[in-house]
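> The structure's right below; bear with me while I get my questions together.
The values are calculated or read from the model by the stated rules, or taken from the named source; none is laboratory data. Source: prediction; values computed, not measured. In this analysis, Cβ positions are derived from the backbone assuming ideal geometry, glycine residues included, and neighbour counts consider all displayed protein chains.
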Ligand SMILES: Cc1ncc(COP(=O)(O)O)c(C=O)c1O
């Protein structure tokens with residue numbers, strides 16, 4: 001029997017929440033009265049997600065498929081170590097991320113630096129170290145050429161193209177390739193960029209390929225294959241001798257509602273989410289007739305790390321406000337902003353066994369002084385939940401820690417994992433009040 005990994009409820013074991021082979025209840029006991037909230041990582045789940053992508057990408061052979069993790073989803077350095085041993089690339093979106101990627105030992109040619117507004121310093125860092133830059137616009141190209149000349153180096157680039165394709169199920173804040181998006185250059189308006197690259201080709205710049213990213217939480221693989229087809233047409237112009245990389249970005253959603261049946265929230269709207277296999281197959285179908293010298297890059301963030309983490313929180317109390325039963329917990333929008341920002345769903349459930357208890361509907365809210373601070377609305381949870389009981393907020397690996405804040409002077413939480421011997425590893429310490437005040441200058 002293969003070992004289970006990730007987060008799951010072991011029905012035969014009194015309905016406890018498990019992480020890999022260990023109950024979360026036991027981990028909490030071992031941490032002995034840990035401050036909450038805190039984040040638990042199943043690094044095995046993360047490794048499995050990487051393996052899944054890489055196995056599927058191998059099926060594109062003879063075309064080379066490469067995995068580039070989008071660091072913005074979660075830049076915990078422990079994840080970068082795992083990605084490095086898996087020979088993955090990294091996609092970065094700031095000078096800070098690029099610097100972390102370089103100091104983690106990634107080859108500059110395995111790092112992509114993307115952004116619609118890059119600082120002078122970050123452009124210089126990318127050119128000087130040999131990182132692959134995405135040219136977002138004509139002005140971006142002009143600045144890149146300026147620094148290539150100044151540094152007397154060749155800038156290695158892809159062009160970020162906007163093919164004007166989007167998934168109608170995606171929240172507006174997660175769409176990045178609509179006609180009026182702030183990212184990339186419209187696919188029909190590339191000529192001025194081509195001309196400027198041609199004038200400087202092989203002297204200050206080398207165009208290696210095209211990049212696009214349609215957005216995040218995508219569950220429609222048809223737009224992915226549509227995008228691949230549009231980018232392939234660009235390759236056929238053959239105006240540039242070094243063209244070989246087709247980077248189709250990230251964006252695959254995960255099934256955030258897969259646990260919902262357990263708590264009988266059956267009325268939750270449920271969209272079928274393609275697997276990593278379905279996603280890569282949709283690409284394969286579109287590139288079959290393409291030259292074998294091509295390298296195809298995918299740069300997922302969410303679908304690599306989201307399901308590898310839970311946020312553990314304590315109940316602070318319950319109260320009735322009009323028709324709503326409020327369950328107040330000590331986690332909030334400062335650790336998990338996605339519900340407040342775009343009404344995203346995160347499953348929330350018990351850590352210990354309360355499976356026989358009557359469940360009622362609660363709004364699960366945090367203590368932050370903001371009405372938009374909620375983690376879940378109308379969720380079925382045990383009526384008897386009381387102060388001190390633990391709950392788990394699922395699938396917080398992506399865009400939670402990396403989007404966290406100190407709003408209301410709240411320290412960012414500790415992050416833990418288990419090592420090979422199932423011993424607790426601290427990946428990140430909980431911030432102190434002193435940490436929060438460190439950069440202020442006047443007392
Ligand atoms: C350029 C780029 N690539 C990849 C990603 C990763 O997207 P996701 O986490 O949805 O896979 C993002 C995120 O928005 C991005 O901006």
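> Kindly list the number of the only condition in (1) within 16 Å of the ligand (Cβ to nearest atom); (2) under 25 Å from residue 288 (Cα atoms); (3) surrounded by fewer than 20 Cβ atoms within 10 Å (Cβ to Cβ) that fails for residue 182.
Residue 182 satisfies all of (1) within 16 Å of the ligand (Cβ to nearest atom); (2) under 25 Å from residue 288 (Cα atoms); (3) surrounded by fewer than 20 Cβ atoms within 10 Å (Cβ to Cβ) except (2).
> Evaluate the following for residue 383: is it free of Cβ contacts under 8 Å to residues at least 40 places away in the same chain and closer than 20 Å to residue 43 by Cα? I'd like the intermediate steps shown before the answer.
Values: free of Cβ contacts under 8 Å to residues at least 40 places away in the same chain: yes; closer than 20 Å to residue 43 by Cα: no.
Considered against the rule, which asks whether it is free of Cβ contacts under 8 Å to residues at least 40 places away in the same chain and closer than 20 Å to residue 43 by Cα, residue 383 comes out as no.
> Now for a separate question. Any idea which residue in the stretch 97-116 is nearest to the ligand (Cβ to nearest atom), counting only those that are under 19 Å from residue 205 (Cα atoms) and surrounded by fewer than 20 Cβ atoms within 10 Å (Cβ to Cβ)?
116
> Take the residues in the stretch 288-326 that are surrounded by fewer than 21 Cβ atoms within 10 Å (Cβ to Cβ) and more than 30 Å from residue 377 (Cα to Cα); name whichever of them is nearest to the ligand (Cβ to nearest atom).
295
> Residues that are more than 16 Å from the ligand (Cβ to nearest atom) and within 19 Å of the chain's Cα centre (by Cα): does the stretch 51-67 have at least one?
Taking every residue of the stretch 51-67 in turn, at least one turns out to be more than 16 Å from the ligand (Cβ to nearest atom) and within 19 Å of the chain's Cα centre (by Cα).
> Return only the number of the condition from (1) more than 20 Å from residue 211 (Cα to Cα); (2) touching a strand residue (DSSP E or B) at 6+ places or on another chain (Cβ under 6 Å); (3) crowded, with 19+ Cβ neighbours inside 10 Å that residue 75 does not satisfy.
So the condition that residue 75 fails would be (2).
> Applying the selection to the stretch 116-131, what residues are out of contact with any strand residue (DSSP E or B) (no Cβ under 6 Å at 6 or more places or on another chain) and on the phi < 0 side of the Ramachandran plot?
Taking the stretch 116-131 first, the residues out of contact with any strand residue (DSSP E or B) (no Cβ under 6 Å at 6 or more places or on another chain) are 116-125, 128-130.
Hits for the stretch 116-131 are 116, 117, 118, 119, 120, 121, 122, 123, 124, 125, 128, 129.
> Another question, if that's okay. Within the stretch 398-443, which residues are touching a residue at least 60 places away in the same chain (Cβ under 8 Å), over 14 Å from residue 74 (Cβ atoms) and in a loop (DSSP other than H, G, I, E, B)?
405, 406, 410, 422, 430, listed by residue number.
> Let me ask another. So which of 158, 151 ends up being outside the structural domain of residue 345 (by TED's automatic domain parsing), more than 16 Å from the ligand (Cβ to nearest atom) and either touching a strand residue (DSSP E or B) at 6+ places or on another chain (Cβ under 8 Å) or under 25 Å from residue 101 (Cβ atoms) (or both)?
Only one candidate passes the filter, namely 151.
> While we're on this one: Given (1) without any contact (Cβ under 8 Å) to a residue 24 or more places away in the chain; (2) surrounded by 17 or more Cβ atoms within 10 Å (Cβ to Cβ); (3) within 25 Å of the chain's Cα centre (by Cα), identify the lone condition not met by residue 4.
The single condition residue 4 does not satisfy is (2).
> Among the residues in the stretch 352-363, are any outside any loop (DSSP other than H, G, I, E, B) and buried (at least 22 other Cβ atoms within 10 Å of the Cβ)?
yes
> Does residue 57 count as in contact with a helix residue (DSSP H, G or I) (Cβ under 7 Å, 6 or more places away or on another chain), part of a helix (DSSP H, G or I) and over 26 Å from residue 254 (Cα atoms)?
On the way: in contact with a helix residue (DSSP H, G or I) (Cβ under 7 Å, 6 or more places away or on another chain): yes; part of a helix (DSSP H, G or I): yes; over 26 Å from residue 254 (Cα atoms): no.
When the stated conditions are applied, residue 57 does not pass them.
> Next question. Suppose we keep only residues that are in contact (Cβ under 8 Å) with a residue 40 or more places away in the chain and assigned to a helix (DSSP H, G or I) within the stretch 78-96. Which one would you say is farthest from the ligand (Cβ to nearest atom)? Please lay out each step first, then the result.
Going through the stretch 78-96, the residues in contact (Cβ under 8 Å) with a residue 40 or more places away in the chain turn out to be 78-79, 89, 91.
The next check asks that each one be assigned to a helix (DSSP H, G or I); those that pass are 78-79.
Values: 78: 18, 79: 13 Å.
Within the stretch 78-96, the match that is farthest from the ligand (Cβ to nearest atom) is 78.
> Residue 16 - would you say it is within 24 Å of the chain's Cα centre (by Cα) and not assigned by TED's automatic domain parsing to the domain that holds residue 123? Can you show your working first?
Working: within 24 Å of the chain's Cα centre (by Cα): no; not assigned by TED's automatic domain parsing to the domain that holds residue 123: yes.
So residue 16 fails the test.
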